[in-house]
Amino acid sequence: MRRQLRLPHDDLDDLRQDLLLDVIARLGSFDPARGSLGAFVGTIMTHRATRIAAKAKRERLLYGISLDEPMAGMDGASRGDLIAEDEGLAAVLGQPTDAFTAVERRLDIERGLGCLAPGDDALCVALSHATIDRLAAAGQGARSSLYRRLKEILLCLMATGLQAA
């Protein structure tokens, strides 16, 4: 299957694991009255292999040639090795690729959290799991005071240069 799909040799273990995992997941539905275990496993693996092949073909049509395929005359280097990190798939999907920007963002967040009052960090944690209405119903304070504290937190964070996501 790996050779037919022209997949890299590194994918062999992944293919085996995927096929065996599907067999193990479906082993509970084996009925010896309907056939032998070998026929059951063979059918499962055939169906799973067909789905894997269809997925590989769809990805090839969507993305073109695989980035893992070694290029001719390049000493075994693949197409993926020749793409710079800031031009790669992560950058296309909007993920950060600049380490300096990530460190600067972390420092900005730490500076912003440092300006919060001592009780405000607990409110931020509580708001990440519940709404202000739920917090008010749970006795964390009146809705108006919770909204007032939230507004003060937002103003404090904006004063340090942080913006809402």
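The values are calculated or read from the model by the stated rules, or taken from the named source; none is laboratory data. As the structure is a prediction and not an experimental result, all values here were calculated from the model. Glycine gets a Cβ as well: all are built from the backbone with ideal geometry, and neighbour counts include every protein chain shown. These accessible areas exclude ligands, DNA and RNA; they are computed on the full protein's heavy atoms, side chains included. Shrake-Rupley method; radii C 1.70, N 1.55, O 1.52, S 1.80 Å.
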Inset, instruction - Can you run down the residue pairs with Cβ atoms below 8 Å, 6 or more apart or on separate chains, where the first is in the range 109-121 and under 12 Å from G161 (Cβ atoms) and the partner is in a helix (DSSP H, G or I) and not β-branched (V, I, T)? - result: G112/C156; G112/L157; C115/C156; C115/L157; C115/A159
Legend entry - Residues being open to solvent by 60 Å² or more (accessible area, probe 1.4 Å) and assigned to a helix (DSSP H, G or I) - total across the range 103-156: 25
Legend entry - Among residues of the range 114-146, those that are over 31 Å from the mean Cα position of the chain (by Cα) and of a type in the set (S, T, N, Q), counted: 3
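Take the range 1-36 and flag every residue that is farther than 30 Å from G76 by Cβ and either open to solvent by 90 Å² or more (accessible area, probe 1.4 Å) or aromatic (F, W, Y) (or both).
Within the range 1-36, L21, I24, R26, F30, P32, A33, R34 qualify.
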